[in-house]
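The values are calculated or read from the model by the stated rules, or taken from the named source; none is laboratory data. The shown structure was predicted, so the numbers you read here are calculated from the model rather than taken from an experiment. No Cβ is skipped: glycine too gets one built from the backbone with ideal geometry, and neighbour counts run over all protein chains shown.
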């Protein structure tokens, strides 16, 4: 269900996507609204599911996970039980940050973080190669992150 977002909501969402620790007073100064109006808008957007949750974004290097690997996975079959088993199993691997069901030449695309190539080899051997239904895996190491954001355009 799509929620109606006016210009003020959009400005508010852009601000909190950049820094969710801004107080209602700080937001009100930037939006020319009262702190209570900002607070009510945030509550409404949370209740409507526009704001799912508030999180801390960690520096991958600071927590010793500087290596990003994109893994293309093809399954042996597209049967619902195989897809369900794969998705449940991959969700339990802490090194997998994202898993996307794809169209095209492979079935899933994973974003995996690791300490280095040796650590990824262990993740591959212990977890990825043992996922249910996997017929083929292809891994690509990111050499450099040119741009990354978690902010959705609103």
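Which of the residues that make up segment 63-102 are over 19 Å from the mean Cα position of the chain (by Cα) and exposed (fewer than 11 other Cβ atoms within 10 Å of the Cβ)?
Residues satisfying the conditions are 78, 80, 81.
Among what's in segment 2-11 and is more than 18 Å from residue 149 (Cα to Cα) and touching a residue at least 24 places away in the same chain (Cβ under 8 Å), pick the residue that is surrounded by the fewest Cβ atoms within 10 Å (Cβ to Cβ).
3
Going by the structure shown, is residue 45 more than 30 Å from residue 115 (Cβ to Cβ) and modelled with pLDDT of 95 or more?
Against the criterion (more than 30 Å from residue 115 (Cβ to Cβ) and modelled with pLDDT of 95 or more), residue 45 qualifies.
Does segment 12-20 contain any residue that is without any contact (Cβ under 8 Å) to a residue 24 or more places away in the chain, surrounded by fewer than 12 Cβ atoms within 10 Å (Cβ to Cβ) and under 19 Å from residue 141 (Cβ atoms)?
For segment 12-20, residues without any contact (Cβ under 8 Å) to a residue 24 or more places away in the chain, surrounded by fewer than 12 Cβ atoms within 10 Å (Cβ to Cβ) and under 19 Å from residue 141 (Cβ atoms): absent.
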